[in-house]
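Okay, structure first, notes after.
The values are calculated or read from the model by the stated rules, or taken from the named source; none is laboratory data. Everything numeric here is computed off the predicted structure, so don't read it as measured data. Glycine gets a Cβ as well: all are built from the backbone with ideal geometry, and neighbour counts include every protein chain shown.
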Amino acid sequence: MIHSFNGKKGDGSQPYAGLIFDSAGNLYGTTIFGGVYGGGTAFQLSPKGNGDWTERVIHSFDNSNGYDWPYGDLIFDTAGNLYGTTNQGGTYGNGKVFELVSKGNGRWTESVLHSFNQKNGDGYHPYSGLIFDPAGRLYGTTNVGGTHGNGTVFRLTPSNDGKWKETVIHSFVKDGQPIYGRLISDTIGSLYGTTTVGGAYGWGTVFRLNRNSKGGWMETVLHSFRDRPGADATGRLIFDATGILYGSTAGDATNTFGSVFEITP
């Protein structure tokens, strides 16, 4: 054990997301509660060289518009800035996409790139983290909202004035909803993810989004989970070197206890 969260003196509590390393070997992650305001934290763990680690809260999320609850993984850009999502908070209380920029001397500043609004077809309440494409655009998912209310896949595109424009590239119909699993992409830019409900049997899906000739996106359901334990696929997918997809399901934790699956193209 390298750190135990206590929720006191501004420390975070209840981390849900995974961790990432920076180039210096420091670890970064989030907690959904704790911090100065109680709305969650982003933290850094730095190795001391003797096997011990020092934790520092680099950002405390404000809870003035509801607890922020940053469930998803953080990611770095090439300049060392951190990006993530919160399930709540933002201008409308429906969640947000944020950027944390290091100002030196251990100080980080948060910028809100997009506040989700449950009106006008926007998705809201994201649980998962984000991914970049080679052009510097961000992609993620929301648990609810969109045209049909079952969640979305969204894209954020940066502009020269520092603002970001959100586009909903897919609204789930009966194949939603995406929960915790972050999207992944292949070498041609197709996006892959999982949903915990929907599909042919109602137990969730593995899906792919491909660009079409008109610049839009087309969804293909690669697999519909039939029953537990092959259900509730909440984790992130991964590829092996041959293009086979792997993932995991949770099961119901009473009669079934989850599974690890592979999907062969």
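Scan the stretch 39-75 for residues that are aromatic (Phe, Trp, Tyr), at pLDDT 90 or above and within 22 Å of Gly93 (Cα to Cα) and report the count.
Step one: of the stretch 39-75, the residues aromatic (Phe, Trp, Tyr) are 43, 53, 61, 67, 69, 71.
Within this subset, residues satisfying the condition of being at pLDDT 90 or above are 43, 53, 61, 69, 71.
Those left that are additionally within 22 Å of Gly93 (Cα to Cα): 61, 69, 71.
Residues that pass the stated criteria total 3.
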- prompt: Quick one: in the stretch 78-87, which of the residues that are assigned to a loop (DSSP other than H, G, I, E, B) and surrounded by fewer than 24 Cβ atoms within 10 Å (Cβ to Cβ) is nearest to the chain's Cα centre (by Cα)?
  reply: Asn81
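Pick from Ile58, Ile20: which is touching a residue at least 24 places away in the same chain (Cβ under 8 Å), out of contact with any Gly (no Cβ under 6 Å at 6 or more places or on another chain), over 28 Å from Val153 (Cβ atoms) and among the aliphatic types (A, V, I, L, M)?
Numbers: Ile20 fails: over 28 Å from Val153 (Cβ atoms).
Exactly one of Ile58, Ile20 is touching a residue at least 24 places away in the same chain (Cβ under 8 Å), out of contact with any Gly (no Cβ under 6 Å at 6 or more places or on another chain), over 28 Å from Val153 (Cβ atoms) and among the aliphatic types (A, V, I, L, M), namely Ile58.
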message: Restricting to the stretch 14-38, count the residues that are at pLDDT below 95 and in a strand (DSSP E or B).
response: 2
- prompt: What are the residues in the stretch 51-70 that are surrounded by fewer than 16 Cβ atoms within 10 Å (Cβ to Cβ) and of a type in the set (S, T, N, Q), if any?
  reply: Thr54, Ser64
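I'd like the residue in the stretch 223-245 that is loosely packed, with under 14 Cβ neighbours inside 10 Å and either in contact (Cβ under 8 Å) with a residue 40 or more places away in the chain or not polar (S, T, N, Q) (or both) and, out of all such residues, is farthest from Thr196 (Cα to Cα). Outline the logic, then answer.
So in the stretch 223-245, the residues loosely packed, with under 14 Cβ neighbours inside 10 Å come out as 226-227, 238, 240-244.
In the following step, the residues that additionally are either in contact (Cβ under 8 Å) with a residue 40 or more places away in the chain or not polar (S, T, N, Q) (or both) were identified as 226-227, 238, 240-241, 243-244.
Details: Arg226: 12, Asp227: 11, Ile238: 17, Asp240: 23, Ala241: 26, Gly243: 23, Ile244: 20 Å.
It comes out as Ala241.
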query: When only residues in the stretch 197-247 that are hydroxyl-bearing (Ser, Thr, Tyr) and touching a strand residue (DSSP E or B) at 6+ places or on another chain (Cβ under 8 Å) count, which is modelled with the lowest pLDDT?
result: Thr234
- line: Checked the stretch 129-150 for anything surrounded by 24 or more Cβ atoms within 10 Å (Cβ to Cβ), within 25 Å of Gly29 (Cα to Cα) and of a type in the set (Gly, Ala, Ser); matches are Gly129, Gly140
- line: Of (1) surrounded by fewer than 23 Cβ atoms within 10 Å (Cβ to Cβ); (2) out of contact with any Asp or Glu (no Cβ under 6 Å at 6 or more places or on another chain), His3 satisfies every one except (2)
